[in-house]
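Note sheet for the following structure.
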Amino acid sequence: MEEPVPWFPIWGFEHDPTESIEENLATFIQTRPSDRWGLIRDGVIASDRHAWAAWSMLRRLESRGDCIARNPDTEFLRIISGTGQIAEAIRRSGLSEGEGKTWLFFLPVDGTGSPLNEEGVSTEIYNEHSDRAIHMIRSIGGELLPIRPVPSQSGLDKIRMTEYDGSNLSLEEAFLLHLSNSIIN
């Protein structure tokens, strides 16, 4: 049996799907304290394990100076999307017109390596940033939802995971496999 994974610092929220993405993004960028905070499309993060795996890849790329994107939030989108192209990553994982659910994420900086070690990650990473996350969600007219990321076929479709046939992999495993494409491509 797999060990439970600590919550990744990600918060789901609902907002008016008719509002302008550009206006919401501009407000968000002015409100966020750093580019370690970002917004991501609903469904493209499958689970806390998936988010931590993408974060771990991001931290390795940052430590080697090998990021393609200028900002960590954009690099995280690129990794989640399984592509080497920034524009394609934004198409796959960035906000989309007409969608009323979005996720806010925070990318911790940890100098000791992956938080998924034997001791696990303290939930304090999530808890320490929750008040700020709720403030940012409200600043763009959103309302926090009591949800966590779950894998779905529609999420795989959004990131264009075409190899999944459902026979040998769980949905979460398919998302995890897709992460490797961001490095290979």
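The values are calculated or read from the model by the stated rules, or taken from the named source; none is laboratory data. Quantities reported herein were computed from a predicted structural model and do not represent experimental measurements. Cβ placement follows ideal geometry from the backbone for every residue including glycine, while neighbour counts extend to all protein chains displayed.
Only one of the numbered conditions (1) part of a loop (DSSP other than H, G, I, E, B); (2) touching a Leu at 6+ places or on another chain (Cβ under 9 Å) is violated by T18, and that is (2). Checked against (1) assigned to a helix (DSSP H, G or I); (2) modelled with pLDDT under 95; (3) not aliphatic (A, V, I, L, M), Y164 passes all but a single condition, namely (1). Would a scan of region 106-113 turn up a residue that is in contact with a strand residue (DSSP E or B) (Cβ under 8 Å, 6 or more places away or on another chain) and assigned to a helix (DSSP H, G or I)? Within region 106-113 (the criterion being in contact with a strand residue (DSSP E or B) (Cβ under 8 Å, 6 or more places away or on another chain) and assigned to a helix (DSSP H, G or I)), the answer is no, since none of the residues qualifies. Can you find a residue that is assigned to a loop (DSSP other than H, G, I, E, B), under 21 Å from R32 (Cα atoms) and modelled with pLDDT under 95 anywhere in region 59-67? The answer is no; no qualifying residue exists. Please tell me if G98 is surrounded by fewer than 18 Cβ atoms within 10 Å (Cβ to Cβ), touching a Lys or Arg at 6+ places or on another chain (Cβ under 8 Å), in contact (Cβ under 8 Å) with a residue 60 or more places away in the chain and small (G, A, S). So G98 does not fit the description; no.
What about E119, is it assigned to a loop (DSSP other than H, G, I, E, B), at pLDDT below 95, of a type in the set (D, E) and more than 24 Å from I140 (Cα to Cα)? In short, yes. Suppose the filter is assigned to a loop (DSSP other than H, G, I, E, B), aromatic (F, W, Y) and over 20 Å from H178 (Cα atoms); does W7 pass it? Taking the combined requirement at face value, the residue satisfies it.
Residue count for region 21-58, restricted to those that are crowded, with 21+ Cβ neighbours inside 10 Å and either of a type in the set (V, I, T) or not in a helix (DSSP H, G or I) (or both): 10.
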